[in-house]
Amino acid sequence: MTFEDFNLSASLLRALNDTGLTRPTTIQEKGFPVIMSGADVVGIAQTGTGKTLAYLLPCLRLWKFSKDRFPQILILVPTRELVLQVATETEKLTAYMNVITVGLHGGDNIKKQVEILDKGLDIVVATPGRMFDLVMNGSLRLKSIKRLVIDEVDEMLNLGFRHQLTAILDLLPPKRQNLMFSATLTPDVEELINIFFYNPKKIEAAPVGTPLENIVQIGYSVPNFYTKVNLLKFLLSDPKVFNKVLVFVSTKKLADQVYEAMEDAFPKTLGIIHSNKAQNNRFNTVKKFDQGEFRILIATDIIARGIDISDISHVINFDIPEEPENYINRIGRTGRIDKNGTAISFIVESDRVHFEKAEAFMKKNIALGTMPESVPISKILTDDEMPVVPMKEIAVKLPKKEDAGPSFHEKKEKNKKVNMKITRKQKMMLKYGKPKTRGQKRK
Ligand code: AMP
């Protein structure tokens, strides 16, 4: 099947041709007719499956020009990076249509956003927080919304957007089509669907828990942080093979530690993103990585989630996430559509249980590689790795109750004095029999 087989308009087909895409992915093929039928849809799809186009194409096909220019399509995404990415993709697809797309996210100047909204628009791509603020201050009118897309809804709920999301859903016109995309169908997501969706049709990109076939997975048992750093340096020393590498870590602190340990060995080719970095810095870093200026990007899960970077040669799990779904999300950043990729996991003792959970989830055993001989095994431990020394239990011998005597003792003479001070209020009561105020304060 090709996109020509979809009932697309000439302008959409032309824009698609410009992007060079010809054959729809599974989720696009399955999704198009169902979304075109007007049904509510729940799509189970990870990033990298082509899910963005799976909702954009039918939404744009169904869009009709209207003079009043109130938005008809609302796309909610969890992160600022995704706002930018989805808005850019929408603009590419509408290059030959009279469509105005606006991306809204926190961190941008709200006054400027209000000015942009005043000029009229057709499609909004937004994070729920900023979107809610703009609706509340009257700058964004939702009365013409015909189609709502909630992308990466599981992540949105993880990030604590539940309240804003339900508040927005309550404000939308009741007659609308709801589309939702999620990598996993958690109980939270199900609950949202049950409340707000009408008889939704479910479409799946690939059964959840099945790693993409074109990803080679390897694990290394590594004793500690600095040996992990040594192994990482060893692997990355081959820029031809390791030409675009995403290194995942689970915390900001660890991301900074890895960056510091690697910085000298890879000057100018190493980037880092996590939520403590300024927005502009985050955008620029991702751009530099995408365009090849940075060969290596160290990232935490939340920030890297959903960012679409093509041709990643390797994903390296510097640590193993506790949830198997996260492991799948991480490794899915390589081996995207028709490309091969490699996922390498560094496993310390405490990671083992999480790694086994991921294996069980995928119903697959991952081969363990032998540590290359030239990688030095470090004996140095970080503060976090230091064994916790149990405090020696010092037995304090308490006196027996009968030896200790009663807890009461006579006060010393000097402590027997009673405080005779009375307040002004009490004094006034005594004098006049009623409380007296000092009168009004002088101006
Ligand atoms: P997504 O899952 O929406 O984040 O898309 C991931 C990547 O797949 C993006 O870079 C898209 O440009 C690309 N893509 C989307 N649809 C197709 C397709 N039909 N063929 C090849 N690549 C695609």
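Summary table below
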| read-out | value |
| --- | --- |
| Count of the range 18-32 residues which are assigned to a helix (DSSP H, G or I) and either surrounded by 15 or more Cβ atoms within 10 Å (Cβ to Cβ) or not assigned by TED's automatic domain parsing to the domain that holds LYS51 (or both) | 7 |
| Some residue of the range 267-285 being crowded, with 20+ Cβ neighbours inside 10 Å, aliphatic (A, V, I, L, M), modelled with pLDDT under 95 and within 15 Å of the ligand (Cβ to nearest atom) | no |
| Total residues in the range 303-330, condition more than 16 Å from the ligand (Cβ to nearest atom) and either of a type outside the set (Asp, Glu) or at pLDDT 85 or above (or both) | 11 |
| Positions within the range 2-17 being surrounded by fewer than 17 Cβ atoms within 10 Å (Cβ to Cβ) and within 12 Å of the ligand (Cβ to nearest atom), in sequence order | THR2 |
| Conditions (1) farther than 18 Å from LEU60 by Cα; (2) buried (at least 20 other Cβ atoms within 10 Å of the Cβ); number of the one not met by THR90 | (1) |
| Of all residues making up the range 32-57, the number that are under 18 Å from ILE123 (Cβ atoms) and within 14 Å of the ligand (Cβ to nearest atom) | 7 |
| Hits in the range 58-70 (condition: more than 15 Å from the ligand (Cβ to nearest atom), under 20 Å from ASP5 (Cβ atoms) and touching a strand residue (DSSP E or B) at 6+ places or on another chain (Cβ under 9 Å)) | LEU62 |
| Residue pairs meeting the criteria (Cβ under 7 Å; at least 6 apart or on separate chains; first under 19 Å from LYS202 (Cβ atoms), in the range 39-62; second among the hydroxyl-bearing types (Ser, Thr, Tyr) and near the ligand (Cβ under 10 Å from one of its atoms)) | THR49/THR25; GLY50/THR25 |
| Some residue of the range 400-423 being modelled with pLDDT under 85, within 35 Å of the chain's Cα centre (by Cα) and not acidic (Asp, Glu) | no |
| Selection status of ILE110, more than 16 Å from the ligand (Cβ to nearest atom), over 23 Å from LEU169 (Cβ atoms) and without any contact (Cβ under 8 Å) to a residue 60 or more places away in the chain | no |
| Members of the range 335-361 that are over 17 Å from GLU385 (Cβ atoms), over 22 Å from the mean Cα position of the chain (by Cα), in contact (Cβ under 8 Å) with a residue 40 or more places away in the chain and away from the ligand (no atom under 16 Å from the Cβ) | THR342 |
| Lone unmet requirement of (1) β-branched (Val, Ile, Thr); (2) surrounded by fewer than 22 Cβ atoms within 10 Å (Cβ to Cβ); (3) part of a helix (DSSP H, G or I) for THR52 | (2) |
| From ARG333, ARG352, residue being assigned to a loop (DSSP other than H, G, I, E, B) and more than 17 Å from ALA255 (Cα to Cα) | ARG333 |
| Residue, nearest to LEU157 (Cα to Cα), within the range 71-84, restricted to residues that are modelled with pLDDT of 95 or more and away from the ligand (no atom under 14 Å from the Cβ) | LEU76 |
| Checklist (1) over 20 Å from the mean Cα position of the chain (by Cα); (2) aliphatic (A, V, I, L, M); (3) more than 16 Å from the ligand (Cβ to nearest atom) applied to LEU104, failing item | (1) |
| Verdict on LEU171 being hydrophobic (A, V, I, L, M, F, W, C), within 27 Å of LEU53 (Cβ to Cβ) and assigned by TED's automatic domain parsing to the domain that holds GLY107 | no |
| In the range 61-101, the residues that are within 26 Å of the chain's Cα centre (by Cα) and among the aliphatic types (A, V, I, L, M) | ILE73, LEU74, ILE75, LEU76, VAL77, LEU82, VAL83, LEU84, VAL86, ALA87, LEU93 |
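The values are calculated or read from the model by the stated rules, or taken from the named source; none is laboratory data. Everything numeric in this text was worked out from a predicted model, so none of it was measured. As a convention, Cβ positions derive from the backbone with ideal geometry for all residues, glycine included, and neighbour counts pool all protein chains shown.
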